[in-house]
Amino acid sequence: MSLILFASTGLFVIVLWYSLRRKKDLPLPPGPPPLPIIGNGHQTPSINACRTYQNWHKTYGPIVALRYGRKDVISIGSHEVARDLLEKKSSIYSSRPQFIIASQCIAKNLHTALLPYGPKWRNHHRIQASFLKLDLSTNYRDVQDMESKQLIHDLLTDGSFCSHFRRFTSSVMSTMAYGQRIESPNAKVIKELAALTESWLGSINSSQSVMVELFPVLNYLPRIFAPWKRKGDIAHELTIALYKKNLFDGRSSPSWNWVQASLNMKESKGLSDNEMSYIIGVLWEAGTDTTAGALKVFVLACLTFPETMKKAHAELNKVVGLDRLPSFEDMENLPYVNALVTECLRWRPLTPLGFARVVSEDDEYMGYRIPKGAMVMPNHWTLDLDESVFKNATEFRPERWLDDPNLPLAAFGFGRRGCIGRHVARNSLTISISRLIWAYEITHQYKDGIKQEVDPWNMEQNMTSPRGLRSPIPQHERIIMREWNAAEKNPEAIMSYIHSLAL
C-alpha cells in the first residue's frame, strides 16, 4: 500500500512539475515589439490610446501582449476572451494591480475599486452590495422619479445639459447614500467633487507619476525627491475631508440612508471613519460620474443620429401620450427606448480601456502564457466596437438590441469585479432619457445662422447650451411644471418610505 501511495505521489509531482514547466515555456500572446526598458510606451499615445489598442487587436488578434517598463500587460479585445478569462476563471482574474499613485499615495489603500481581491475587498463589497442588490434597486425609483422631474423642469429655463446632468446624478446618489439632496448645479458639494476629481487626475497624469507606475522602485525615494507623494497627500486630504463630512452628515440626517444602514452591519464593526467614508463615498462619486457621462453620450447621439430620437419619440407618444410624463411603469412597454439606453452604453464606452485586473497565478489560454502578476485589461472600446459582433459598429443603432437581445455589453464590467451599481444606474438612465426625449427636441447650436456641427468622436467638446434645446410644446411645459410642483421633495419622507420597503 505504501509503495502504491509513494508511486501515486511521485506521479502527481511529475505531472504538476510538467504542467508548470509547460506554462513557462509557452509564448506570450502576440503584440507590437517592445523596446528595451520602456517597452511599448513609445507607441502608446496619451490621447485616444484606445484607438491604438484597437488597431493592435486588428493586427495581432483578440488577445495582445504589451510591456510597459517592467509590467506585462495583456489586452483583451473580444467578448469571448473576456468571458473565458474574467468570468469563467474569475478566481484568478479578479484582483487589481497595485497602482502606486492612485492606490497607495492618494487612497492609502482604502478605495474599494482599487483593492486587491481578498478579505478587505470582500468586506467592502458585502457592505456595498447590501444597498445595491437587484431586488433593492427598484426601491430607489422614487428618488430617481423626483430628481428626473427636477432635471426636465430646470432645462425649461437653462439648457446647460452637463451641469444639470451632474446635479441629477449626484443628488440621486447623495440622497440614497447620505439622506442629503443637492438642489442646485452650483451647490458647494458639486464644486468640491469637481475639485477632488481634478486633484486626483493631476496627481495620476503627471509625467513623474507615469514614470513611478512604470518603475515602482522610484517610490522608495525620500519624500523630498518624490513630489508625487506630496501631491498624493493633498488629494488624499481633499478626499477624506469631503467623504467624512458626507459620512457625518449621513449619520446625523433625519433621513434613513446607506450610512445609517451600515452602522449596524457586522461587516462595518471596527472600521475607521476614514475607511467607512471611502466605502460609501466611492459609490456616490462613481454613480455621479458614470451616469452623467452616459447622459452626455445620449446628447451626442441625439445630435449625430437624430432619426433614432424620432423613433423613440414616436414610441413614447404611442405608449405614454401627450398628457403625462413617462413613468417606470411604462418601461416594459418601451422596447425601443430601452434599446436606445443600452446603445448609449455601447456606442461610446465611458472607460475605453476598461478597469485593469491582475492575474494571481500563471495561466494558459489559446496556447499562450499569461504570467502571474500580469495586468489584464478588458478593452471596452475594442469589445463594444467589434464589427464581428456589432454590424456597422460605429453607427448608433438601437435596433441591434431588438434584433438580438443577447448581444454582449462591456459597460458594466465582468465577473466578480463588475459594476455593483449597474441596476441603479440603468434605472436612472432609463427614466431620465425617456423623459428628456418625451419633453424636448435636442438640436444643434446655431451661431450667426450657421449650424455648429459636433465631432461624434469628441466627448469633451462644448455641445450643450440653451440654443441646443428646443422648448417643449405649451402642453408639455404645463405638464412638466405640474409634475414638479406636485413632487415630494423631502428626502426624509422619500427615504423613510424606501426604508419601509426594505424591512
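The values are calculated or read from the model by the stated rules, or taken from the named source; none is laboratory data. Quick caveat: nothing in here was measured; it's all calculated off a predicted structure. Here Cβ is always computed from backbone atoms with ideal geometry, including for glycine, and neighbour counts include all displayed protein chains.
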Query - Test: A194 is crowded, with 17+ Cβ neighbours inside 10 Å and among the small types (G, A, S) - result: no
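The rows are residues; the columns are (1) within 30 Å of T430 (Cα to Cα); (2) touching a residue at least 40 places away in the same chain (Cβ under 8 Å); (3) of a type in the set (F, W, Y).
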{"position": "R166", "(1), (2), (3)": "yes, yes, no"}
{"position": "S171", "(1), (2), (3)": "yes, no, no"}
{"position": "Y178", "(1), (2), (3)": "yes, yes, yes"}
{"position": "G202", "(1), (2), (3)": "no, no, no"}
{"position": "V210", "(1), (2), (3)": "no, no, no"}
{"position": "F215", "(1), (2), (3)": "no, yes, yes"}
Query raised in the report: Applying the selection to region 38-69, what residues are surrounded by fewer than 14 Cβ atoms within 10 Å (Cβ to Cβ) and basic (K, R)?
Result: K58
Query - The lone exception for G250 - which of (1) touching a residue at least 12 places away in the same chain (Cβ under 8 Å); (2) surrounded by fewer than 22 Cβ atoms within 10 Å (Cβ to Cβ) it fails - result: (2)
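Taking only region 357-374 into account, find how many residues are among the hydrophobic types (A, V, I, L, M, F, W, C) and surrounded by fewer than 16 Cβ atoms within 10 Å (Cβ to Cβ).
Filtering region 357-374 down to residues among the hydrophobic types (A, V, I, L, M, F, W, C) leaves 358-359, 366, 370, 374.
Checking the rest, the ones that are also surrounded by fewer than 16 Cβ atoms within 10 Å (Cβ to Cβ) come to 366.
The total comes to 1.
Kindly provide the set of residues from region 49-87 that are among the small types (G, A, S) and in a helix (DSSP H, G or I), ordered by number. Outline the logic, then answer.
Looking only at region 49-87, we keep the residues that are among the small types (G, A, S), and these are 49, 61, 65, 69, 75, 77-78, 82.
Correct list: A49, A82.
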Query raised in the report: Is region 155-163 home to any residue that is touching a helix residue (DSSP H, G or I) at 6+ places or on another chain (Cβ under 7 Å), under 24 Å from S432 (Cα atoms) and either without any contact (Cβ under 8 Å) to a residue 12 or more places away in the chain or among the aromatic types (F, W, Y) (or both)?
Result: yes
Requested in this report: Only residues that are among the small types (G, A, S) and closer than 16 Å to T239 by Cβ: list them for region 175-211, please.
Outcome: A177, A194, A195, S199, G202, S203
Query raised in the report: Under the condition of being farther than 19 Å from T197 by Cβ and among the hydroxyl-bearing types (S, T, Y), which residue from region 263-282 is surrounded by the most Cβ atoms within 10 Å (Cβ to Cβ)?
Result: S268
Report task. Output the qualifying pairs, or none if there are none: Cβ atoms under 6 angstrom, residues six or more apart or on different chains, first residue in region 348-363 and within 19 Å of P27 (Cα to Cα), second residue hydrophobic (A, V, I, L, M, F, W, C) and surrounded by 17 or more Cβ atoms within 10 Å (Cβ to Cβ). Result -> V358/M375; V359/I92; V359/I370; V359/A374; V359/V376; S360/I92; E361/I92; D363/I370
Query raised in the report: Which residue pairs have Cβ atoms under 9 Å apart, sit 6 or more places apart or on different chains, and have a first residue in region 301-314 that is under 21 Å from H476 (Cβ atoms) and a second that is assigned to a helix (DSSP H, G or I) and of a type in the set (S, T, Y)?
Result: C302/T308; T308/Y336; K311/Y336; A312/Y336; A312/S434; A314/Y336
Query - Residue selected from region 138-178 under the condition modelled with pLDDT of 95 or more and acidic (D, E), by the criterion surrounded by the most Cβ atoms within 10 Å (Cβ to Cβ) - result: E147
Query raised in the report: Here are some residues: L345, L334, L340, L350. Which one is surrounded by 17 or more Cβ atoms within 10 Å (Cβ to Cβ), within 30 Å of G69 (Cα to Cα), of a type outside the set (V, I, T) and under 26 Å from the mean Cα position of the chain (by Cα)?
Result: L350
Query raised in the report: Out of L402, L409, which single residue is in contact (Cβ under 8 Å) with a residue 40 or more places away in the chain, aliphatic (A, V, I, L, M), surrounded by fewer than 22 Cβ atoms within 10 Å (Cβ to Cβ) and outside any helix (DSSP H, G or I)?
Result: L409
